[in-house]
Amino acid sequence: MTRAGELRNLADAAGGAAGAAGPSTVPEAGASSPSSALDPEHVRFVYAGVFLVSTAVLLLQISLTRIFSFSLWYHFAYVTISVALLGYGASGSFLAVFPGLAGTPPTRRLAFYATACGLAIVVAYVVCATVPFHPFYMTREPGRQIPFMVVYYVAVTAPFFLAGLCISVALKTLSQHVSRLYFFDLVGAGFGCLIVVFVVAGLTTPGAVIVAAIIVSLAGVMFGSASGARGMTVPAVGTVLVAVSGIAALFSVQIGPSPDKFLYPFARDHVNVRQYGHHWSPIFRTDVFALTNEEFTRTFSYANWGISPFWKANAATRAPKLRMVTHDGDAGAVIYNFDGDLDKLEMFDHLILKAPYVLLKQPNVLVIGVGGGTDIVNAIKNGATHITGVELDPFTVKVVKVDQADFAGHIYDRPDVTMIAGEGRSTVRHSDARYDLIELTGVDTLAALSTGAYVLSESYLYTTEAISEFLDHLTPNGILSVIVADLTERNGFPRHTIRQVSLVMEALHRRGIEDVEGRVAVLASTEEAPQVAVLTKNSPMTADDVQQLQTFADSMGFQIWALPGKTLPSVHSQYLRTRREERAAFLGRYPLTLTATSDDNPFFFNFYQWRNLGKSLSEVDLGHTLATAQIILALILVFSIVFSAVLILLPLLVFQRQGLHTEGKWGFIAFFLGIGLGYIFIEISCIQKFVLFLGYPTYSLTVVLFSLLTYSGVGSFLTGRMERPPEERLLPLFGGLALLSLLYLAVIPSLFQAFLGSAFPLRVVVASAVLIPLGLVMGMFFPTGIQIIRRRNESFVPWAWGVNGCASVVATVLAVVLAMTYGFRVVTVLAVTVYLIGVLGMRASIRRAPAL
C-alpha cells in the first residue's frame, strides 16, 4: 500500500500566510519600523532562523505521520497534518490579537519561542510514547480515551503553535520584506522535505523528531545572533538542553504499537517472544520476532488460515516452523524454515496458494509483495522454473537474505530466484518480461481490514490500470492470481473479492474482451473469514482447466465461488454472468461501493458511501467497525472546521473587527479562501500522480513537496521585484495556473510513460523540472494578494491570513474526502475553480475599494 495520502505539507499556505499577520501592525509613515532596530548585517540571521524553523516544522510533521502510522493507525496521519496547520494558524491569530507577543526587541522573543518549540517537540515525543491513547477504544472507554486524545492534541499542537509564532514575529519584524521572508520560509520547508528520507534512514523516525527539535533550537541561536553576540547565550544553552533531553527521551521511552495492531501482544511478551530487532525507514517500521518455542509456530499463519481442513490436523508436526515480520506493527508476514528438503514443505500442497499452480507446470513467476518469502517458498515447492520477487521494503529483503538466511534456507541466493526491492507497479512497468504467473498474496491483512484501517490507503496495486498492466505482462496462457482475505455472505459481504472481480472485468473490457466469465475463477478456504483466490487467465479457461480446479477444490475441501461454465449461487458467479449493461444495477443492489477503482481514485478499501455512514448496514456487516476509519475522517473534517474557526477566526472576530469594515471584504475573503483550498488540492493531487513514476510513495512525497515549496518560494520572491501593479497580475496568474493544470492532466501521463525506463536520478530530475512552472505561479498568488489589500486597509491583513489558514487546515482533509468520492482529477479541476472564484472575487473588490 502506498502511504502517499499519509503525508501532506503545511508550510505552503499556513507558513507563508502566518507572516501576513505582521503587516497589519506596520507603523504609519513617519514611525519607526520594527526592522529599523536591526543592524542590516544582522537581518540575515533572521532569514537563517526562518529557514531553520520551516525546515524543522516539515521534518517534524512528516516524522510524526510516520510515527502515528505505527503507534496508532495510518489515517491518524491526517490528524497530525490538520493539527499542525491549526497550530500554525492559531499562532498568527494570537499575534494579530495580542501584538505584545512579538516582544521588544522581537529577536529575543524569537529566540525564546524557537527554544521553547524545541523543548515542546521533546515533550510531544514523550507524550506520544507514554500516553495510552487508543482511538478504537473511544466508544468503549470515552471517559478515559477522550482526555487522552485532548492531551495528544495539545502536545502535538504546541510545537507548531510556537513555530508559527517564530514565523509570524519574524515576518512582522521585517514586514517590508514579506516576499523575501516568504521565500526563506518555503525554501526551508522544501529543504525539510528533502532531508527527511535521509534523516529517517540514518537516525530512525524518532531520531528525526529529535533532530527537528535541535534544528528549531538552532534557529533560536540564529534569532539571538540578530541581537548581537550576547543574545546567543541563552538560546545556545537552550539548544544544549534540548539536545540532551531529546537524546535522553530516545533512550528512556519507546514508541509502541496500538493494541489493535498484530504486533502489540508480541511486543509486550518478553518471556515467550524473542525479538530480533526493528528498523525505522521512510516506508515502514519493520519488526522481526519469533516465539522462543518455535515448535509451537507450526500451527501459525497459513497452517491455520487458507489450509485444507483435511490436512489441518497434521500441521502441529508436519508444517514448517516460522518467524514473523510486521510493517508498521501490522501487515504481518512470515519467514518459513527451509533447509532445501521439499518434502518438508508438504503443507504447501494443501493451501489455497496452490490454486494457480494447478493450471501451470514449471511456470516463470512474478511475486509482488514478497513479505517474508512465503510465495517464493510456495513457488519453489510447486516447481517454478524461475521466480522474480518484488518487495517494497528493502529492509525486509535484507532480513530474509542476510539476517534470517540460515533459517530461511538462503532462498534469495538460489539461482532460480531474483529479488528486487521496489514498488510492484513501477517494477512491472519498467520491465519487458512476460510471466506465466503473476501473484499478489496477502498484500493486505485481515487485522487491518477488520478495523477499517485500510479505508484511507491508496492501493495502486488494486486499480483497473494495475490489472491491465499485469495482464500485459503475462504470456498468452498466463494467470494473474490475487489472494486476499475476505468475509463471506454468512458473516457480512465478500466486498474485497467482488471489487477484485470488478477490476478484472473492467480491465478485460478495455482490452475488448466480452467473455469475462470464461476467464475468471474464484476459490475460497473454509474459515469464517477465508482466504480467497481470484484467478484470471489471459485466455479463456479450457474444459480441462475447469476440471482441474474443480478436482483441486474437492480434494482440499475448498469452496468454489465462481468457475467458468458453472452456474453457482454465490454473488461472484452471479455477477460474472451478468450482462455488461446490467452490472451497474447489479452492484446497486448493495449499500456499498463495489465498482472498479482507478489510478485516479485508488481507494480500493473505501466501500462505504458517505450518506450511509450513520446507518445500520446489518445486511452487509456484523457491526459497523469496517467504516470506522471513514467515520473518523469525517469527524476530523468537522473538528478541522470547528477548531480552525474557534482558534483562528474567533480571536480575530473578537479583537480585530476593524478589518471587517473593509469595503469589498467578501471578495478579499473569497480570494484568500480560494488560494488556501486550491494550493492544497493541487499539491495533494500532484503527490498522487507522481507515486508510480517515482516508485516509492515516500519519494513522491519528498520530490513533490520539495519542488513545489522551493519553486513557490522563488515565485514569492519574484513578486517583490515585479514592477507591474499587483492588481494587473491576477488574471495572467490565473491564466497560467489554469493552462498548466490542464496541460498536466493531459500531458503528464504520456511524459511519464516516455521516461519510465530511465534511471531513478533522471526520473527525479524530470519530476522536479515538470513542477517548476506550477510552483512559480502558485507561489505568486499569496504575496500578490497581500500587496493588494495592504494598499486598501492594513487592518484586513490578519483576516486575509486567518481565512487562508482556515482554508489550509480544512483542505488537507477535504481533499482526501473529495478524492475518495470523485477522484484526484476532479480535485485538480476544483482547485482551478476555487482559484478562479477567488480571483474574480478579488477583482470585484478592487473595483469597489480603490487603493489608498
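Annotations for the structure displayed:
- If the condition is being among the charged types (D, E, K, R) and either under 22 Å from V827 (Cβ atoms) or in contact with a helix residue (DSSP H, G or I) (Cβ under 8 Å, 6 or more places away or on another chain) (or both), then the range 724-765 contributes E727, R729, R763.
- Subset of the range 458-485 that is open to solvent by less than 20 Å² (accessible area, probe 1.4 Å) and touching an Asp or Glu at 6+ places or on another chain (Cβ under 6 Å) - its residue that is nearest to I687 (Cα to Cα): T463
- Some residue of the range 119-134 being of a type in the set (G, A, S), assigned to a helix (DSSP H, G or I) and modelled with pLDDT under 80: no
- Sole exception among (1) open to solvent by less than 10 Å² (accessible area, probe 1.4 Å); (2) touching a helix residue (DSSP H, G or I) at 6+ places or on another chain (Cβ under 8 Å); (3) not in a helix (DSSP H, G or I) for A507, by number: (3)
- Criterion violated by L836 - all others in (1) within 17 Å of L774 (Cα to Cα); (2) free of Cβ contacts under 8 Å to residues at least 12 places away in the same chain satisfied: (2)
- Tally, over the range 297-312, of residues that are in contact with a Gly (Cβ under 7 Å, 6 or more places away or on another chain) and open to solvent by less than 10 Å² (accessible area, probe 1.4 Å): 1
- Hits in the range 691-710 (condition: part of a helix (DSSP H, G or I) and not hydroxyl-bearing (S, T, Y)): V691, L692, F693, L694, P697, L701, V703, V704, L705, F706, L708, L709
Residue-by-condition table, conditions (1) among the aliphatic types (A, V, I, L, M); (2) free of Cβ contacts under 8 Å to residues at least 12 places away in the same chain; (3) surrounded by fewer than 21 Cβ atoms within 10 Å (Cβ to Cβ); (4) under 11 Å from G674 (Cα atoms):
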position: S795; (1), (2), (3), (4): no, no, yes, no
position: P798; (1), (2), (3), (4): no, no, no, no
position: V810; (1), (2), (3), (4): yes, no, no, no
position: V816; (1), (2), (3), (4): yes, no, no, no
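- Restricting attention to the range 726-741, the residues being open to solvent by 60 Å² or more (accessible area, probe 1.4 Å) and either in contact (Cβ under 8 Å) with a residue 40 or more places away in the chain or among the hydroxyl-bearing types (S, T, Y) (or both) number 1.
Matching residues to (1) outside any loop (DSSP other than H, G, I, E, B); (2) modelled with pLDDT of 85 or more; (3) open to solvent by less than 40 Å² (accessible area, probe 1.4 Å); (4) hydrophobic (A, V, I, L, M, F, W, C):
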residue: G614; (1), (2), (3), (4): no, no, no, no
residue: V620; (1), (2), (3), (4): no, no, yes, yes
residue: L626; (1), (2), (3), (4): yes, no, yes, yes
residue: L637; (1), (2), (3), (4): yes, no, yes, yes
residue: L652; (1), (2), (3), (4): yes, no, yes, yes
residue: G667; (1), (2), (3), (4): yes, yes, yes, no
residue: G674; (1), (2), (3), (4): yes, yes, yes, no
residue: L677; (1), (2), (3), (4): yes, yes, yes, yes
residue: I680; (1), (2), (3), (4): yes, yes, yes, yes
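- Test result for F717, open to solvent by less than 60 Å² (accessible area, probe 1.4 Å), under 30 Å from G667 (Cα atoms) and not small (G, A, S): yes
- Taking the numbered list (1) under 34 Å from the mean Cα position of the chain (by Cα); (2) not in a strand (DSSP E or B) in turn, G332 passes all entries but (2).
- Among the residues examined, P761 qualifies as assigned to a helix (DSSP H, G or I) and open to solvent by 10 Å² or more (accessible area, probe 1.4 Å).
- Looking at V150, V156, V237, just one residue is free of Cβ contacts under 8 Å to residues at least 12 places away in the same chain, of a type in the set (A, V, I, L, M) and closer than 21 Å to V83 by Cα, and that residue is V150.
- Residues (among the hydrophobic types (A, V, I, L, M, F, W, C) and open to solvent by less than 50 Å² (accessible area, probe 1.4 Å)) located in the range 271-281: V273, W280
- Selection of the range 127-147 for residues being without any contact (Cβ under 8 Å) to a residue 24 or more places away in the chain, closer than 30 Å to I215 by Cα and open to solvent by 50 Å² or more (accessible area, probe 1.4 Å) yields an empty set.
- Some residue of the range 44-52 being modelled with pLDDT under 90, under 23 Å from V803 (Cβ atoms) and among the aromatic types (F, W, Y): no
- Looking across G231, G190, one residue alone is in contact with a Ser or Thr (Cβ under 6 Å, 6 or more places away or on another chain), within 30 Å of K172 (Cα to Cα) and open to solvent by less than 40 Å² (accessible area, probe 1.4 Å). It is G190.
- Boolean, L194 is part of a helix (DSSP H, G or I), under 22 Å from V704 (Cβ atoms) and in contact with a Gly (Cβ under 6 Å, 6 or more places away or on another chain): no
To keep it simple, each residue is scored yes or no on (1) open to solvent by 40 Å² or more (accessible area, probe 1.4 Å); (2) closer than 22 Å to D406 by Cα.
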position: P259; (1), (2): no, no
position: D269; (1), (2): yes, no
position: I283; (1), (2): no, no
position: N314; (1), (2): yes, no
position: A331; (1), (2): no, no
position: K344; (1), (2): yes, yes
position: D349; (1), (2): yes, no
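- Within the range 359-376, being free of Cβ contacts under 8 Å to residues at least 60 places away in the same chain and outside any loop (DSSP other than H, G, I, E, B) holds for one residue alone: I376.
- Meets criteria (modelled with pLDDT of 95 or more and either under 25 Å from V522 (Cα atoms) or of a type in the set (V, I, T) (or both)) for I380: yes
- Residue in the range 766-774 that is part of a helix (DSSP H, G or I) and under 19 Å from L830 (Cα atoms) present: yes
- Verdict on L701 being in contact (Cβ under 8 Å) with a residue 40 or more places away in the chain, in contact with a Lys or Arg (Cβ under 9 Å, 6 or more places away or on another chain) and buried (at least 22 other Cβ atoms within 10 Å of the Cβ): yes
- Qualifying helices (runs of 4 or more DSSP H) (wholly inside the range 542-593; at least 1 residues being touching a Ser or Thr at 6+ places or on another chain (Cβ under 8 Å) and among the aliphatic types (A, V, I, L, M)): 543-556, 583-588
- Of all the listed residues (A120, A124, A170), the sole one being farther than 23 Å from T204 by Cα, surrounded by 18 or more Cβ atoms within 10 Å (Cβ to Cβ), of a type in the set (A, V, I, L, M, F, W, C) and in contact with a helix residue (DSSP H, G or I) (Cβ under 7 Å, 6 or more places away or on another chain) is A170.
- Considering (1) within 28 Å of G695 (Cα to Cα); (2) open to solvent by less than 20 Å² (accessible area, probe 1.4 Å), the lone condition that Y357 does not fulfil carries the number (1).
The values are calculated or read from the model by the stated rules, or taken from the named source; none is laboratory data. Everything numeric here is computed off the predicted structure, so don't read it as measured data. All Cβ positions, even for glycine, are placed from backbone atoms using ideal geometry, and neighbour counts span all protein chains on display. For accessibility, only protein heavy atoms count, side chains too; no ligands or nucleic acids. Shrake-Rupley method; radii C 1.70, N 1.55, O 1.52, S 1.80 Å.
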